[in-house]
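Contents: one structure, followed by commentary.
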């Protein structure tokens, strides 16, 4: 070893030794920032003035600045909406200097500032998504519809225009404002509420009334650590309102076209001066008619929430949501025509329903108990349990035959001469009584720590659940007869020829139910977000183990277990620009029997996604661009070789959905706020079994039904912030869909036309009062969605309201 080498080694050792000595002599600054009422101040910037040392307060208002050189500093608080505060401190080597701040501002003051700055943009997901990372840094496309967006657009329920604010989201069937059933990325997404998967059957849950909803989070892709099972296209999470500790209230009344009347109230406050025992109460009452006669959807809502701060570290929250609806029978909004006619052959206000049928009554209850405990500023435990009870007593209407058609009434199987002519229909109604019970529980731990220069955000937990759904739809009654059918060309809404039904409702539902669905599941998961280079590069590694059992009156029980992995990478190119990539999976058990003792595998779906997220002009607005590819495998279908009583299944093959999504939301200029999005989606059969193709006609490259190829939306709002007209706002929004595909494999000969709807509104806010007026479908277009029903050889569709308006007044107190 030569002398130069020895010198280099000695120099390196001395250099490392000096760094070690220096690190031992550094100090630390920490503390807590509180608002009036002793509430923690979150996302407040802390800085040692004139240095590079900075920090941001966490959800508990705590901050920490490490590795500070000893000396005198000015601690400065300088955030939007906060009066600048500066105080002197002394940092001592090897010691922690504690400095707390009590700000005069309230959370209400900060909320107003945040609304002004980012009216339609939220930067952090809710606690119920279990993440502790800003949306900009999450390696996934997550879009949040803010509470201010819901108010500005006069959205009253989950199925009332929410999806216009998210790229690629569509609803092919509206279910009369009963069930939302949103499709995205080529298939139906899962419905969540406060982090719980609340889907107990295809029909449900009851669409949420916006009176108790704070905001809605759309998570694109499977996010396996949240889903126990389901489709890999994603989920939406409805986040309900919680107490803020600020005593305030808000009352609103709305009135609109087609006998629409609504009143709601929001009360927020505390029972004690210390602010430990808080409450929130939301209630609403609504009477809603329709542009179609004999149709209505009335409901009322009560939603109290209570939280109690057991200590500085522990909080308990109890919540109840009750929704009670009286509506026309399910299916009253559908119109049918023969295969010879196609869609939209009747006026927009035409109905086939029968007046005199009893209301369908729905009682939807949900209760939550949440326990939160902060061990310190780095570790938090959350446990919550919930119970959902759904009760439905009502009817469903659907035709039994549509002319022109010959009816086989001969017991020998020969074709009788009786014929339904063009425009003649045999209307039928069936009972639809249902009951659903769900018990769901979660416990998860969030933590932060470092291993050397690598930071970690750890998430681990367990999910348990049981869901049961039963329904009686087996009793059916034909309203019309072949001798006296319902005639679309000359409708008669008097007493039907075959009279009104008289169904058996005295027998307990458990004894007469024909549709039974059940599910049990248990799952455990762990996720670690590793941060490198001062958290500029983030690697997410996660896996979820799920055991699930499903039962149905239409198939044998199916149980399976599966591990769904997840890997994501996010890189902050700049503090306001991040690029990401993610791969994750989802699965659903399947039941069936395959010939030669073949093994039935679960339906699996994998999602590969790349994206770019950008905050513009100090975070006032944001854009997200993503591209994805979803592959679904192992889907079972009936074996085409079946004969007699055989019930074998075969694997259909593979389905692939691909697309590009773009979202923009936030404040573009002072007073000017914009939400805009576009999505291109294509879902096709990627591989198909030859026997299945021969029997069903489904071929490789065929379109998988249930989406629109092009979806674009925009909502622009401008509010004058100064001068004589201060508080006056103008809004304009449009929705466009092209390449609309029906929700069945049977396409029929006619395609759904392109869709365009234009909405707009005016608002004026002065003091505690705000006046709003919105007009929907300004161009008075004939708008509808529907499909072809091969069994009836008929088209069915459902029209939206023609041009209509709503006016409202909100009073804050």
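With 494, 474, 452, 499 as the choices, which residue is under 30 Å from residue 352 (Cβ atoms), within 39 Å of the chain's Cα centre (by Cα) and surrounded by fewer than 17 Cβ atoms within 10 Å (Cβ to Cβ)? Before you say what the answer is, go through the steps one by one.
Numbers: 494 fails: within 39 Å of the chain's Cα centre (by Cα); 452 fails: under 30 Å from residue 352 (Cβ atoms); 499 fails: within 39 Å of the chain's Cα centre (by Cα).
The match here is 474.
On the given criteria, is residue 143 farther than 28 Å from residue 43 by Cα, buried (at least 21 other Cβ atoms within 10 Å of the Cβ) and touching a strand residue (DSSP E or B) at 6+ places or on another chain (Cβ under 6 Å)? Considered against the rule, which asks whether it is farther than 28 Å from residue 43 by Cα, buried (at least 21 other Cβ atoms within 10 Å of the Cβ) and touching a strand residue (DSSP E or B) at 6+ places or on another chain (Cβ under 6 Å), residue 143 comes out as no. Of the candidates 301, 316, 239, the single residue that is part of a strand (DSSP E or B) and closer than 30 Å to residue 141 by Cβ is 239. Restricted to region 197-216, and to residues there that are part of a strand (DSSP E or B) and surrounded by 22 or more Cβ atoms within 10 Å (Cβ to Cβ), the residue that is modelled with the lowest pLDDT is 206. Looking across region 263-282 at every residue that is crowded, with 18+ Cβ neighbours inside 10 Å and in a strand (DSSP E or B), the one that is farthest from the chain's Cα centre (by Cα) is identified as 270. Selection of region 573-610 for residues being part of a strand (DSSP E or B), surrounded by 20 or more Cβ atoms within 10 Å (Cβ to Cβ) and in contact (Cβ under 8 Å) with a residue 40 or more places away in the chain yields 578, 580, 582, 584, 585, 586, 587, 588, 605, 607, 609. Looking at the structure I just gave you, is residue 438 without any contact (Cβ under 8 Å) to a residue 60 or more places away in the chain, surrounded by 16 or more Cβ atoms within 10 Å (Cβ to Cβ), assigned to a strand (DSSP E or B) and at negative phi? When the stated conditions are applied, residue 438 does not pass them. The residues of region 476-496 that are within 30 Å of residue 507 (Cα to Cα) and either outside any loop (DSSP other than H, G, I, E, B) or touching a helix residue (DSSP H, G or I) at 6+ places or on another chain (Cβ under 8 Å) (or both), listed by number, are 476, 477, 478.
Within region 742-753, does at least one residue satisfy the condition of being over 28 Å from residue 401 (Cβ atoms), surrounded by fewer than 18 Cβ atoms within 10 Å (Cβ to Cβ), without any contact (Cβ under 8 Å) to a residue 60 or more places away in the chain and within 27 Å of the chain's Cα centre (by Cα)? Can you show your working first?
Going residue by residue through region 742-753, those that are over 28 Å from residue 401 (Cβ atoms) are none.
Within region 742-753, none of the residues are over 28 Å from residue 401 (Cβ atoms), surrounded by fewer than 18 Cβ atoms within 10 Å (Cβ to Cβ), without any contact (Cβ under 8 Å) to a residue 60 or more places away in the chain and within 27 Å of the chain's Cα centre (by Cα).
Scanning region 732-745 for residues that are in contact with a strand residue (DSSP E or B) (Cβ under 8 Å, 6 or more places away or on another chain) and part of a loop (DSSP other than H, G, I, E, B) returns 741, 742, 743, 744.
Could you check region 349-372 and list, in sequence order, the residues that are buried (at least 16 other Cβ atoms within 10 Å of the Cβ) and in a strand (DSSP E or B)? Those that are buried (at least 16 other Cβ atoms within 10 Å of the Cβ) and in a strand (DSSP E or B): 360, 362, 364, 366, 368, 370, 372. Taken over region 497-510, residues that are touching a strand residue (DSSP E or B) at 6+ places or on another chain (Cβ under 6 Å) and not in a loop (DSSP other than H, G, I, E, B) amount to 1.
For (1) out of contact with any strand residue (DSSP E or B) (no Cβ under 9 Å at 6 or more places or on another chain); (2) at pLDDT 75 or above; (3) surrounded by fewer than 12 Cβ atoms within 10 Å (Cβ to Cβ); (4) in a helix (DSSP H, G or I), each residue gets a yes or a no:
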| site | (1), (2), (3), (4) |
| --- | --- |
| 15 | yes, no, yes, yes |
| 30 | no, yes, no, no |
| 33 | no, yes, no, no |
| 43 | no, no, no, no |
| 72 | no, yes, yes, no |
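The values are calculated or read from the model by the stated rules, or taken from the named source; none is laboratory data. Small disclaimer: the values here were computed from a predicted structure and weren't measured. So basically every Cβ, Gly included, is an ideal-geometry build from the backbone, and we count neighbours across all protein chains shown.
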